[in-house]
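As structure tokens, the structure follows; a few thoughts come after it.
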Amino acid sequence: MLHDIVSPMCAAMGSDSHAELRTQLNRSCRVTLLSGNLTANAKSETSGVCARVYRGGVYGFSSMAECSADAAAAVLRAADENARFMDRRAPGGKGALPMIPGDFRPVTGGVQDPDQKLYADFAKEIDAYIAGKYPNLSSRAVVATADSMEKILVTSDGAGGYTAIPRSYIYIFLNAETTAGAPIELFKAVGGSGTFDKNFTDPAKLYPEIDSLYEQIMQKREGIYAEAGLKTCILSGELTGMLAHEAVGHTVEADLVLGGSVAAHNLGKVVASEKVNLVDFAHTALGVEAPLPVYLDDEGTPAVDAEIIKDGVLVGYMNSRESAQHFGMNPTGNARAYSFSDEPLIRMRNTAVLPGKDKLEDMIASVEDGYYFTSTNNGQADTTGEFMFGVCMGYEIKNGKLGRAILDTTISGVAFDMLKTVDMVSDQMHWTSSGYCGKKQPMPVGCGGSDIRCKITVGGR
């Protein structure tokens with residue numbers, strides 16, 4: 001349907017024009033148990049069609065909450081009118097975008113959403129296990145959730161096709177009190193790419209994860225406050241992944257580079273130690289499928305890896321078709337839209353610090369007085385690369401050995417300064433993909449990394 005609608009109009013457009021037509025279906029569901037009580041049981045679905053037309057350096061956009069041939073034709077006409085209006089008022093034309101030809105790939109398969117009862121039943125079994133084995137917790141919560149994005153795209157270059165990103169997770173929250181009576185919490189997200197019925201077939205498979213989380217919160221009950229100051233620390237792959245996304249990744253999204261991020265004047269310069277390599281993977285990472293694979297972006301560009309840092313040198317950005325033309329780079333397929341009513345923005349996909357050659361046990365043994373931070377519960381950064389992350393689990397290191405657990409603290413710094421202190425990188429890789437990136441639109445993303453040894457400012461109590 002889309003190809004038949006877009007082709008006649010595109011044939012009448014000038015050579016400096018470009019059009020995209022997209023239909024999209026988003027689904028989400030969520031079941032929450034709080035100490036055994038069902039507190040949320042929600043399901044939502046949104047769908048519609050949108051069009052974007054490029055003329056002389058400006059875009060026109062239109063969308064409609066309807067999936068039909070008439071709606072597709074209407075939004076394409078409206079987007080073209082908006083582009084013509086903007087083109088008449090834009091200061092000077094930029095010319096045509098580089099053409100990226102392709103073959104439209106027909107729709108195959110589709111995300112099959114399982115019955116909502118499956119989520120509730122699975123969550124109840126997990127909750128019953130926790131309640132039966134660990135009655136001394138002050139409270140507990142189990143969340144079963146899934147979401148998916150399905151899109152059909154066609155462009156005036158003849159590219160496009162069907163894409164789908166389904167993912168599903170179980171979140172486990174355990175709450176207790178320290179020996180002094182202060183509340184503490186730890187959580188774990190289990191799951192990844194795929195529908196709920198494929199990822200969760202047997203509750204017993206999650207029991208080891210629950211047991212490990214309980215052991216950690218019991219250690220945290222006896223925990224101490226970290227000492228504030230600049231410390232030699234080991235960041236787990238979970239924290240390295242957040243660093244890769246929040247403190248580095250956003251600074252190298254080309255639209256933010258154009259807005260003046262710290263990466264704007266650092267291309268080709270040393271921004272980290274030679275042990276640091278960072279890539280935004282499209283769909284395959286280190287020989288296996290990435291946590292949230294993207295094969296085609298919402299401009300019709302085939303997704304390829306975006307190499308960001310190579311041996312400590314900033315070598316590239318994440319680009320859309322338009323920003324790639326501006327910087328003289330190749331488009332990487334990073335233009336993504338969350339909903340049918342959203343325009344594509346430059347977004348991350350699976351951003352990670354690559355593994356090195358060091359063993360974690362050797363890294364710990366090399367620290368005389370420092371910390372091993374293992375889990376984070378929040379984080380923020382700005383386009384200068386300055387960041388602050390919350391640490392909800394970790395351990396002191398004394399004379400090369402792990403010591404007592406620590407209570408909640410923070411770590412902070414400036415990414416391109418802190419990364420220059422990295423002198424060891426582990427040979428193990430850790431991925432997370434359960435959250436959303438919040439750059440103007442929510443977007444499911446993956447981030448990952450290896451354990452790194454570095455100098456970083458610890459917030460203390």
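Tabulated results
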read-out: Accessible area (Å², 1.4 Å probe, nearest 10) - T410; value: 50 Å²
read-out: Computed log₁₀ I(q)/I(0) - Debye formula, equal Cα scatterers, no solvent, segment 252-405, q 0.09, 0.12, 0.18 Å⁻¹; value: -0.38, -0.65, -1.18
read-out: Segment 247-402 - accessible surface per residue (Å², probe 1.4 Å); value: 38 Å²
read-out: Beta bridges by DSSP in the chain, antiparallel share as percent, to the nearest 5; value: 90 percent
read-out: Residue-span extension gain [D311 to E125] - 0.36 nm each, minus C-alpha spacing; value: 62.2 nm
read-out: Theoretical FRET efficiency, 1/(1+(r/R0)^6), r = Cβ-Cβ of R89 and S47, R0 25 Å, to 0.05; value: 0.15
read-out: Inter-label distance for L267 and D417, nm, one decimal - labels placed 7 Å from Cα along Cα-to-Cβ; value: 2.6 nm
read-out: Carbon and sulfur %, accessible surface of segment 139-253 computed with the full protein complex present, 1.4 Å; value: 49 percent
read-out: Stokes-Einstein D for segment 345-461, Kirkwood Rh over Cα pairs, 20 °C, 1.002 mPa s (µm²/s); value: 139 µm²/s
read-out: Overall form of segment 140-202 per C-alpha gyration tensor (a/c, 1.5; a/b vs b/c); value: prolate
read-out: Three semi-axes of the equivalent ellipsoid, segment 349-415, Cα gyration tensor, whole Å, largest first; value: 23, 17, 11
read-out: Inter-centroid distance (Cα atoms) of segment 331-408 relative to segment 165-220, Å; value: 19 Å
read-out: nm² value of the averaged projected area, convex hull over the Cα atoms of segment 407-461; value: 5.5 nm²
read-out: Cα-based Kirkwood hydrodynamic radius, segment 27-80, one decimal, Å; value: 13.8 Å
read-out: Coordinate range along principal axes, alpha carbons of segment 182-278, Å, largest first; value: 51, 42, 27
read-out: Percent accessible area from carbon and sulfur atoms, segment 396-461, protein chains only, probe 1.4 Å; value: 49 percent
read-out: log10 of Debye I(q)/I(0), alpha-carbon scatterers only, for the chain at 0.06, 0.10, 0.11, 0.13 Å⁻¹; value: -0.30, -0.79, -0.94, -1.20
read-out: Given K310/K455; K275/K359; K275/K398; K151/K188; K188/K440, the pairs whose alpha carbons are separated by over 19 Å; value: K310/K455; K275/K398; K151/K188; K188/K440
read-out: Sequence ranges 314-322, 56-64, 358-366, ranked by mean other-Cβ count within 10 angstrom, highest first; value: 314-322, 56-64, 358-366
read-out: Once the Cα gyration tensor of segment 235-303 is diagonalised, semi-axes √(5λ) in Å; value: 22, 19, 11
read-out: Residues of segment 99-214: accessible area per residue with a 1.4 Å probe, Å²; value: 44 Å²
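The values are calculated or read from the model by the stated rules, or taken from the named source; none is laboratory data. Since the model is a prediction, treat every value here as computed from it, not as a measurement. Ideal geometry is used to build each Cβ from the backbone, glycine not excepted, and the neighbour counts take in all protein chains shown. Just the protein is used for accessible areas: all its heavy atoms, side chains included, with ligands, DNA and RNA removed. Shrake-Rupley method; radii C 1.70, N 1.55, O 1.52, S 1.80 Å.
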